[in-house]
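What follows draws every value from the coordinates through simple rules; no lab data is involved. Bear in mind that the values here come from a model prediction, so they are computed numbers and not experimental data. Please note: Cβ atoms are built from the backbone with ideal geometry, for glycine as well, and neighbour counts cover all protein chains shown.
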Amino acid sequence: MVNDLVDTLSTVTRIMFIGEYNHNLDDKGRIAIPAKFRAILKKGAVVTKGLDGCLFLYAKEQFETIAQKFAALPISQTNARAFSRHMLAGAMAVDFDNQGRITLPDYLRKFSGLKKGVIIAGLYNHLEIWDEEAWNNYKQAAEQNSNSIAETLGDLGI
């Protein structure tokens with residue numbers, strides 16, 4: 001029991017997704033996850049509706065931690081209910097096939113507007129899955145505003 005807890009804690013602390021990867025979505029809604037991330041996700045993964053029109057992909061343990069935080073939000077607050085529904089009702093556990101691919105359900109592909117070209121972006125504790133065109137548009141706008149974004153983050157202590 002103690003060893004299982006130590007294994008879980010060490011897995012959670014080793015999660016670090018970084019980088020930007022180009023992949024293609026096939027006709028069956030499958031996408032290959034970069035090989036270096038598969039070891040982190042081998043115990044299970046959850047994909048859900050993200051923000052800014054992308055999908056979030058979490059290691060199962062990480063998603064369980066986040067889900068517990070949503071469960072603790074007051075159900076009397078409209079925004080808490082709405083965001084919990086967005087993240088939890090939109091979530092689905094995914095498994096890897098022998099080629100390191102996951103199948104994205106149709107409702108998540110529609111939500112994120114995924115076409116053929118897909119970008120997988122690492123954001124430390126999760127991956128984002130973007131339609132390539134949407135990612136390029138988002139990235140261009142963010143890069144144009146990087147100075148003002150940096151100033152705002154400076155006010156937060158970053």
Identify all lysines with a Cα-Cα distance to residue 69 below 19 Å; exclude those on the same chain that are fewer than 8 residues away in sequence.
49, 60
Contact order normalised by residue count of the stretch 25-72, Cα under 8 Å, 6+ apart, percent:
26
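What 222 nm value per residue comes from the helices of the chain, counting each DSSP H run with n ≥ 4 as -39,500 (n - 2.57) and dividing by all residues, nearest 500 deg cm²/dmol? Let's see the in-between values first.
Details: 7 runs with 69 residues, N = 158.
So the calculated ellipticity at 222 nm is -13000 deg cm²/dmol.
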Mind giving me the FRET efficiency for residue 136 and residue 18? R0 is 22 Å, r the Cβ-Cβ distance, nearest 0.05 is fine.
0.70
Cut-off under 17 Å on the C-alpha distance; same-chain residues fewer than 8 positions from residue 28 excluded. Which aspartates and glutamates are left, in chain and number order?
95, 97, 106, 131
When the distances between all Cα atoms of the stretch 33-121 are binned every 5 Å from zero, what whole-number percent does each bin get?
3, 13, 24, 23, 19, 11, 5, 2, 0
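What is the stretch 79-158's relative contact order, in percent, from Cα pairs under 8 angstrom and six or more apart in sequence? The partial results should precede the final answer.
Values: 38 pairs, mean separation 12.0, N = 80.
Over the stretch 79-158, the number comes to 15 percent.
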Relative contact order for the stretch 2-155, counting Cα pairs under 8 Å that sit 6 or more residues apart, in percent:
33
Evaluated at 25 °C with a viscosity of 0.890 mPa s, what Stokes-Einstein diffusion coefficient in µm²/s does the chain have when Rh comes from the Kirkwood expression over alpha-carbon pairs?
145
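Exposure proxy check: 111, 83 ranked by fewest other beta carbons within 10 Å? Write down the numbers at each step before the final one.
On the way: 111 18, 83 14.
Lowest count first: 83, 111.
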Proxy exposure order for 156, 127, 104, 73 (fewest C-beta within 10 Å first) is 156, 73, 104, 127
Taking 16-29, 41-54 and ranking on average Cβ neighbours within 10 Å, highest first, one gets 41-54, 16-29
